[in-house]
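The structure appears below as structure tokens.
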Amino acid sequence: MPIYLKSRIYLDFFQEDTLHDEYEKLLRNIFNRPLLKKPRLGTSPSYLWESEPTHLKTSYKVEKIRDSILKGSKYTKGHIRDFLDAFHMALQDYQIDDSGQDKIPFNDKVVDSIKKFLPYRDDFMNFIFLISQYDVPESFFEELHEFLQNLIRFEIRPVKLVKSVVWSEYWLDNYRFILYELFLYFISALIKFKKFELIDHFLTEPYFYKDNYHGSSWLPYSIFNLTVTTIDGATVDAIASLIKDRANYKGLSLDDLIQADFVLFLRSYIHYGVYSDLWHSRCIGYANEYGFEIFNKGRSKKYFNDIKILLRIKNRDDLKQKLVEVQEHIPISQLFRPVDHRSFFLKNFIETRIDKLDTYG
């Protein structure tokens, strides 16, 4: 606006239907009592005051995808691929080592790396929520399977490595936690949006991995839940505690994450040796006595159909039979310590909750 116009106020008294409103504006300007007041400055985002501000390589790419979806653009799939490629590149920046060049304890490096990754985790979930909310073709999710498959390399062997450097497996601990958290959040979101057929796809289809040292192999979804030596060794539930402390994404609650962890465990348990290796349940120690929403709703036939897809079972009796059979090979006492809350929760689920599934409707 030109400077000479800034002190001018325009009021229109020629329109009868707005005459009263314009007169009120005149009075408020005369007596300096504006109808709309400028709000007080709120709390600034914490990242503005960081000494090393985070600049995400995925910045604004989610909004590009949203705009593309809303406009029905033919380039949506390309924008999705662009986001996933940028995310993959960003992960490379988080590689850490313990080659002795500094005196920082390696455990501290792992925790610091995980902490710094948080904005990327949230950006990834913004992307997952976006493509889950809108009616996008399921072929778009095929890009995600390929993406997850390509992430495996981060937790098996360092991506950037000088040949002369001898490395240890625990150098990958930050990646192993990051991939565990990403997959857990991903499945939690798909459950929230009732994408059960898609979940079945991601839990059934194996993930291909190949490198010059390990050869090639097809891996189950439990590959995203490997041991994190530097954290797992601290306390029994150290990983679960870290997940709990970081459960601040606005679209998912801690209960959502615990529920997804249990689903991933239960499916791998009843199909052990068939569809997957065992998914070690880390979070059900924080489960409350009321159980999980999806199983509580599963009392009705309508919602039990969702559980059948999630667990790949035919009916309630099939679930019970599978649990009987697997416990002959892997009893609950081998999974958790007798005093572990996870052991109590699983026994209670088997003894009291399964019989209530598919009982009405």
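The values are calculated or read from the model by the stated rules, or taken from the named source; none is laboratory data. The structure presented is a predicted model; accordingly, all values stated were derived computationally and were not measured. Positions of Cβ are backbone-derived with ideal geometry, glycine not excepted, and every protein chain shown enters the neighbour counts.
Laid out as a table, the results:
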| item | result |
| --- | --- |
| Residue match in the range 277-291 (condition: among the hydroxyl-bearing types (S, T, Y), modelled with pLDDT under 90, exposed (fewer than 15 other Cβ atoms within 10 Å of the Cβ) and more than 25 Å from N107 (Cβ to Cβ)) | yes |
| For K347: the one exception among (1) free of Cβ contacts under 8 Å to residues at least 40 places away in the same chain; (2) among the basic types (K, R); (3) in contact with a Phe, Trp or Tyr (Cβ under 8 Å, 6 or more places away or on another chain) | (3) |
| Test for D255: is it out of contact with any helix residue (DSSP H, G or I) (no Cβ under 6 Å at 6 or more places or on another chain) and assigned to a helix (DSSP H, G or I) | yes |
| Residues (part of a loop (DSSP other than H, G, I, E, B), modelled with pLDDT of 95 or more and of a type in the set (D, E, K, R)) located in the range 206-249 | R246 |
| Residues of the range 309-324 satisfying the condition of being within 17 Å of I187 (Cβ to Cβ) and of a type outside the set (A, V, I, L, M) | R312 |
| Condition check for V274: touching a strand residue (DSSP E or B) at 6+ places or on another chain (Cβ under 6 Å) and not hydroxyl-bearing (S, T, Y) | no |
| Single match in E146, E142, E63 (criterion: of a type outside the set (G, A, S), surrounded by fewer than 16 Cβ atoms within 10 Å (Cβ to Cβ) and more than 18 Å from the chain's Cα centre (by Cα)) | E63 |
| Index of the failed condition, I178 passing every other in (1) modelled with pLDDT of 95 or more; (2) in a loop (DSSP other than H, G, I, E, B) | (2) |
| Scope the range 11-43; condition hydroxyl-bearing (S, T, Y) and exposed (fewer than 10 other Cβ atoms within 10 Å of the Cβ); matching residues | T43 |
